[in-house]
Amino acid sequence: MRAEISNRCEAVEECYEFMLAYAAQGLLTDEGSKSGGQVREFLHRTVKALTGLAETCAMAVKDEGLEPADKYLAFFAVLDRDSRDSLAAIELVLAQPAISSQLIDNLNASIHLRALLTDLFLVDEILKKHDNPVEQVVTNKGD
């Protein structure tokens, strides 16, 4: 389950990185260029990755017996809100007949998307620590 969560986080992060490059190209539309064709693909992958992400995280907490469960679940409620807010913005962009670099630049600047990315960085880092408990012990020895 952790691998699925990590893959979903990675899909969103890759989309964001692609959108940064797309925004810098100054394109008026997503038609007629290689990156223009890719922008919708990246956005659709992100929609798929975000759909049900918080629920998947909550199931992982239960399945793996992570404690304190209430702290994880409280954060996943935040992740769910941020995911839904970001999904609304992404789906609005996807509904447009043309996706310009400026439109993507505005999406990148969205506080909703930035909050989501920060959430995902936190989740991803926590998962890495649970995957590598020896690293966590070594890191904490110097505290």
Original post:
Name the residues in the range 13-30 that are surrounded by 14 or more Cβ atoms within 10 Å (Cβ to Cβ) and acidic (Asp, Glu), would you?
Top reply: Glu13, Glu14, Asp30
Subject >> Output for the range 31-41, where each listed residue is surrounded by fewer than 21 Cβ atoms within 10 Å (Cβ to Cβ) and of a type outside the set (Ser, Thr, Tyr) >> reply: Glu31, Gly32, Lys34, Gly36, Gly37, Gln38, Arg40, Glu41
Original post:
So which residues in the range 1-36 are of a type in the set (D, E, K, R) and within 17 Å of the chain's Cα centre (by Cα)?
Top reply: Arg2, Glu4, Arg8, Glu10, Glu13, Glu14, Glu17
**OP:** With respect to Ala60, determine if the residue is without any contact (Cβ under 8 Å) to a residue 24 or more places away in the chain, of a type in the set (A, V, I, L, M) and either assigned to a helix (DSSP H, G or I) or out of contact with any Ser or Thr (no Cβ under 6 Å at 6 or more places or on another chain) (or both).
**Re:** no
**OP:** Quickly run through the range 37-54 and pick out the residues that are assigned to a helix (DSSP H, G or I), under 18 Å from the mean Cα position of the chain (by Cα) and without any contact (Cβ under 8 Å) to a residue 24 or more places away in the chain.
**Re:** Gln38, Glu41
Subject >> Scan of the range 94-119 for residues that are buried (at least 19 other Cβ atoms within 10 Å of the Cβ) and assigned to a helix (DSSP H, G or I), ordered by number >> reply: Ser101, Leu103, Ile104, Leu107, Leu113, Leu116, Asp119
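Read the figures in this text as sums done on the coordinates, not as results from a lab. Keep in mind that this is a model prediction, so the values were computed, not measured. Virtual Cβ from ideal backbone geometry, glycine too; neighbours counted across all protein chains shown.
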